[in-house]
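The structure appears below as structure tokens.
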């Protein structure tokens, strides 16, 4: 059952293995750092069908630490989109 496809809305997952979010405290000014690129690329190469990002503050007062990933301004949004695009490009080559 774990290796069976799963459809969620318009997304079809190739299996039911999901890597849960982790609090990594490795962001730079709220944006993903080089560490995120390496860490998430490694996790996405495991064969799991989905990798969830770490806890992400949607406003400054919601941060757990100074190194939390954030999504409360245009810079954060732009940098997070870059990370998503990077991960998608890596996964397109794998499958």
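Quick note: the coordinates plus some simple rules give every number you see, no bench work behind them. Since the structure is predicted, the reported quantities are computational estimates derived from the model, not experimental observations. Note that each Cβ is placed from the backbone with ideal geometry, even for glycine, and that neighbours are counted across all protein chains shown.
Looking at 26, 48, 31, which is the one that is out of contact with any helix residue (DSSP H, G or I) (no Cβ under 6 Å at 6 or more places or on another chain) and surrounded by 14 or more Cβ atoms within 10 Å (Cβ to Cβ)?
Every option except 48 fails the conditions.
Can you work out which of the residues in the stretch 59-89 that are out of contact with any strand residue (DSSP E or B) (no Cβ under 8 Å at 6 or more places or on another chain), within 19 Å of residue 41 (Cβ to Cβ) and touching a residue at least 12 places away in the same chain (Cβ under 8 Å) is surrounded by the most Cβ atoms within 10 Å (Cβ to Cβ)?
83
Conditions tested, residue by residue: (1) in contact with a strand residue (DSSP E or B) (Cβ under 8 Å, 6 or more places away or on another chain); (2) over 15 Å from residue 70 (Cα atoms); (3) assigned to a loop (DSSP other than H, G, I, E, B); (4) in contact (Cβ under 8 Å) with a residue 60 or more places away in the chain.
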{"residue": "3", "(1), (2), (3), (4)": "no, yes, yes, no"}
{"residue": "7", "(1), (2), (3), (4)": "yes, yes, no, no"}
{"residue": "12", "(1), (2), (3), (4)": "yes, yes, no, no"}
{"residue": "15", "(1), (2), (3), (4)": "yes, yes, yes, no"}
{"residue": "22", "(1), (2), (3), (4)": "no, no, yes, no"}
{"residue": "25", "(1), (2), (3), (4)": "no, no, yes, no"}
{"residue": "37", "(1), (2), (3), (4)": "no, yes, no, no"}
{"residue": "41", "(1), (2), (3), (4)": "no, yes, no, no"}
{"residue": "47", "(1), (2), (3), (4)": "no, yes, yes, no"}
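Go through (1) farther than 15 Å from residue 80 by Cβ; (2) surrounded by 15 or more Cβ atoms within 10 Å (Cβ to Cβ) for residue 11 and report which single condition fails.
(2)
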